[in-house]
Amino acid sequence: MKTCAIIPVSRFAHAKTRLSPTLSPSEREGLLRAMLMDVSEALRRHVDRVLVISADADVLEYAYSLGVDILEEMGRKDLNGALEQAAEFCMPEFDRVMITPSDIPLIGKTDITELLHRASHFDVVIAPAKGGGTNTLIFRPGSMRLRFGDCSFFEHLSEAKGKGLSVSVYDSFYLSLDVNTAEDLGEIILHGEGTHAREYLRKLSFTVRPSRGSDRLEVSRSF
């Protein structure tokens, strides 16, 4: 079966605004570039094509420099609309698509081969995010509506079951970690050896240690 991995990427200028207390705008863009490199490199080893969709010309230019295919988002679409555009684009050539966000830099440490193996036996494979979202979704283009957003893991489960599709849930720490908070940066530093994201954070002089407060990790940097 031929598989196209789709990576949606927002505008660099809008990158990871929830990290604004920790990173400057240029640093957030640098982190997104590093994570996109990690995700695209990991996927290219396992799928037939990697496709980045974005409305941002800078994102598309950067993705092209990484050696992946690019698709310009047409019109004013939300995330699901952009992903449906990409899935429709893939439909004539590919048996299945694998949607993966650009902010899961530890994906290379999970067993992508097992994910794709499951997709050969189930109609839908879903990997949940730690906050109830969806960090990987594999399905046949056109077989289900996309429900990315808050608690989308449960929305996708319900959608698939409502369509009578068989589902396999792939629960992985590495796939569950998307990056939104300073504590997430600490997880990359702890677990992301060999990733571009970890190397980038190290260059920014970030360190991590166990926290004695409400958070599990205390992330700091020296200037």
Label model pair ARG18, LEU165: point-to-point distance (7 angstrom along the Cα→beta-carbon line) in nm is 2.5 nm
With DSSP loop assignment and no more than 15 other C-beta atoms within 10 Å, the trypsin sites (Lys or Arg not before Pro) in segment 1-62 are LYS2, ARG11, ARG45
Looking only at ALA160, ALA57, ALA82, which one moves most when the chain is put into a Gaussian network model with springs between Cα atoms under 10 Å?
-> ALA57
Cut-off under 5 Å, modelled amide H: who pairs with VAL52 long-range | ILE7, ASP69, ILE70, LEU71
Could you state the principal axis extents of the C-alpha atoms in segment 93-183, from the largest down, to the nearest angstrom?
-> 39, 27, 23
Under 19 Å from LYS163, Cα to Cα: aspartates and glutamates that are on another chain or at least 8 residues apart | GLU84, GLU88, ASP95, ASP123, GLU155
For segment 1-93, the Rg and Dmax computed from alpha carbons only, in angstrom = 13.6, 44
Pop a pseudo-label 7 angstrom from the Cα along the beta-carbon direction at both MET91 and ARG202 and give the gap in nm to one decimal.
-> 4.6 nm
In the full protein assembly as shown, how much of THR100 is accessible to a 1.4 Å probe, in Å² to the nearest 10?
-> 0 Å²
Quick calc, ARG76 & HIS46: beta-carbon distance into FRET formula, R0 30 Å, rounding 0.05, result 0.35
Order by accessible surface, 1.4 Å probe, largest leading, for residues CYS151, CYS90 comes to CYS151, CYS90
For segment 31-130, which GluC sites (Glu not before Pro) are in a loop by DSSP, counting at most 13 other Cβ atoms within 10 Å?
-> GLU93
By what distance, in whole Å, do the Cα atoms of the chain stretch along each of the three principal axes, largest value first?
-> 52, 36, 30
Whole-angstrom gap from segment 4-20 to segment 133-195, using each part's C-alpha centre = 16 Å
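The values are calculated or read from the model by the stated rules, or taken from the named source; none is laboratory data. Remember, predicted model here, so these are calculated numbers, not experimental data. Here Cβ is always computed from backbone atoms with ideal geometry, including for glycine, and neighbour counts include all displayed protein chains. Surface areas here come from the heavy atoms of the whole protein model, side chains and all, with no ligands, DNA or RNA. Shrake-Rupley method; radii C 1.70, N 1.55, O 1.52, S 1.80 Å.
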